[in-house]
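Each remark here refers to the structure printed beneath this line.
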Amino acid sequence: MPLVALGCGLALIGASSSWAGGAGGAGEAGKPLPDPSLTVTGKVGAAKLEGGPPVKSIRPAPKAARPEPPVAAQAPGASAEAPSRPAPTPVPAAVDEEVTARLRTLNECRIDVARDKHRPPKQIRAGTLLLRWRIGADGSVSGAEVVAKTPVDPALMECARQAIAKWKFTAPDHGPLSVERRYRFPS
């Protein structure tokens with residue numbers, strides 16, 4: 001009960017003319033308050049505290065519909081400018097089978113990135129990638145480049161680039177080959 005009595009005491013003090021500095025909630029030297037005072041309304045509105053009307057909701061501005069430029073993950077030390085690429089030559093059937101088999105291993109990148117981020121693999125943004133690399137005369141890979149064609153997690157792109165750089169193929173019969181493939185992660 002002391003709490004109720006204290007609450008009533010505050011209401012009586014707030015309603016008294018000596019506390020407000022004048023009669024009936026007036027300010028200094030009898031000047032009236034600009035809006036109804038706390039003693040009249042019993043509440044303070046947000047507009048009076050912040051200086052403007054309260055905001056009902058905050059929504060981000062709609063984005064203009066424009067395609068995002070492709071983002072490329074390049075090897076460290078590579079220049080930002082796009083190097084002149086030779087036109088991809090037809091890939092022999094034996095090498096094409098190896099490429100297809102290696103592409104399936106890129107699914108592991110999604111799992112690795114999910115593990116690093118402590119999230120389920122389905123929550124990792126994985127869409128379509130454009131993959132480019134060169135198979136040297138000895139079968140080693142050089143110039144691995146990954147370009148996002150749809151929104152893809154940057155860590156996933158980097159993982160794919162590193163995986164491609166580690167690949168080894170049988171040596172092509174007719175010298176080095178430039179390879180370009182689209183790869184879509186399964187949903």
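The values are calculated or read from the model by the stated rules, or taken from the named source; none is laboratory data. As the structure is a computational prediction, the values presented were derived from the model and not from experiment. Cβ coordinates were reconstructed from backbone atoms using ideal geometry, including for glycine residues, and neighbour counts include every protein chain displayed.
Things to note:
- Residues being under 26 Å from the mean Cα position of the chain (by Cα) and either aliphatic (A, V, I, L, M) or surrounded by 16 or more Cβ atoms within 10 Å (Cβ to Cβ) (or both) - total across the stretch 132-165: 16
- Taking the listed residues Glu68, Glu81, the one that is at pLDDT below 70, within 18 Å of Arg182 (Cβ to Cβ) and acidic (Asp, Glu) is Glu68, with no other qualifying.
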